[in-house]
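Participant: Dropping a structure here in structure tokens format, bear with me for questions.
The values are calculated or read from the model by the stated rules, or taken from the named source; none is laboratory data. Every value quoted in this text rests on a predicted model; they were computed, and no experiment measured them. Quick reminder, even Gly has a Cβ in these numbers, built from the backbone with ideal geometry, and neighbours come from all protein chains shown.
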Amino acid sequence: MQSQQASSKRGRVRVLMKLAMATRRALAGVLLGIVATSSWAQKHLETAIESAHTTVRFSLFGECSDIHFLYVGESEDKHVEIYFTNARNERLMFIGTILPEGGLPVVESVLFRNADADLDREMFVLTKWRISHPGLDTSGNLYRTYVFDQEIAPESGGLKRLTDIEKRLGEGFDGIRNGHEVEFSVKTAKDVARVLELTDD
């Protein structure tokens, strides 16, 4: 775990350096595709960092923002880092990390709903990890949903995670485990909304 955290910090520094460089270049008038949200990450991060999900536009802290999901690190330490930039490309902030769990994290879907007592929408990041252990006759996906509030978490420097809501959604395996078929019920954005009885507000 310590090696993963250290790798995450090193990867975060590399991301911030690359994003800051891209920001300076963009402000200098070099077109990097920042306005085109679907191609932003691909156009300015051309080396070690890959896009983990299509960039999503969302109103964060009262301003229109682009949420970026990026793969950082190598081999077993490869994980997802989440960042946001505002539409004017004047702000850059780290949101959170999704670590490997026996496999590479894959961001399946992202949705924004209000699930607590405040007036702001939370960001739900539905994630899966491919699990394969042929010797144990086990193959399938592990699912978990991360819920980020619009509030800074001092301990991480990112957004606060609403762990109570995450526990309600649970995590689970879907596939063949020890030769038996098992199913997990929260695998899509619709499943998340159903379990929490969320609506399109």
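Participant: Could you grab me the full set of residues in region 138-163 that are farther than 23 Å from VAL56 by Cα and either at pLDDT 95 or above or buried (at least 18 other Cβ atoms within 10 Å of the Cβ) (or both)?
Facilitator: THR138, SER139, GLY140, ASN141, LEU142
Participant: Does PRO154 meet the test of being closer than 30 Å to HIS180 by Cβ and out of contact with any Pro (no Cβ under 6 Å at 6 or more places or on another chain)?
Facilitator: When the stated conditions are applied, PRO154 does not pass them.
Participant: A follow-up question, please. When you check ASP66 against the structure, is it assigned by TED's automatic domain parsing to the domain that holds ARG161 and farther than 24 Å from GLY172 by Cα, yes or no?
Facilitator: When the stated conditions are applied, ASP66 does not pass them.
Participant: Condition test on SER132, is it in the same structural domain as LEU169 (by TED's automatic domain parsing), touching a residue at least 40 places away in the same chain (Cβ under 8 Å) and either surrounded by fewer than 16 Cβ atoms within 10 Å (Cβ to Cβ) or of a type in the set (S, T, N, Q) (or both)?
Facilitator: Working: in the same structural domain as LEU169 (by TED's automatic domain parsing): yes; touching a residue at least 40 places away in the same chain (Cβ under 8 Å): no; either surrounded by fewer than 16 Cβ atoms within 10 Å (Cβ to Cβ) or of a type in the set (S, T, N, Q) (or both): yes.
Here the answer is no, as SER132 does not meet what is asked.
Participant: Against the definition (surrounded by fewer than 17 Cβ atoms within 10 Å (Cβ to Cβ), in contact with a helix residue (DSSP H, G or I) (Cβ under 8 Å, 6 or more places away or on another chain), touching a residue at least 12 places away in the same chain (Cβ under 8 Å) and outside any loop (DSSP other than H, G, I, E, B)), how does VAL195 come out, yes or no?
Facilitator: So VAL195 fits the description; yes.
Participant: Considering only residues that are at pLDDT below 90 and surrounded by 21 or more Cβ atoms within 10 Å (Cβ to Cβ), look in region 74-96 and name the one that is nearest to the chain's Cα centre (by Cα).
Facilitator: PHE84
Participant: Separate question: With respect to THR188, is the statement that it is hydroxyl-bearing (Ser, Thr, Tyr), surrounded by fewer than 13 Cβ atoms within 10 Å (Cβ to Cβ) and farther than 23 Å from LYS78 by Cα true?
Facilitator: When the stated conditions are applied, THR188 does not pass them.
Participant: Looking at region 93-139, which of its residues are of a type in the set (Asp, Glu) and part of a loop (DSSP other than H, G, I, E, B)?
Facilitator: GLU101, ASP116, ASP118, ASP120, ASP137
Participant: Shifting gears a bit: Among what's in region 72-129 and is of a type in the set (Gly, Ala, Ser) and without any contact (Cβ under 8 Å) to a residue 12 or more places away in the chain, pick the residue that is nearest to GLY158 (Cα to Cα).
Facilitator: Looking at the filtered set, the residue picked out is ALA117.
Participant: Those residues that are in contact with a helix residue (DSSP H, G or I) (Cβ under 7 Å, 6 or more places away or on another chain) and part of a loop (DSSP other than H, G, I, E, B), I need them from region 161-192; list them, please.
Facilitator: Across region 161-192, the qualifying residues are ASN178, SER185, VAL186.
Participant: Out of GLU166, GLU108, which single residue is touching a Lys or Arg at 6+ places or on another chain (Cβ under 8 Å), surrounded by fewer than 17 Cβ atoms within 10 Å (Cβ to Cβ) and within 20 Å of THR54 (Cβ to Cβ)?
Facilitator: GLU108
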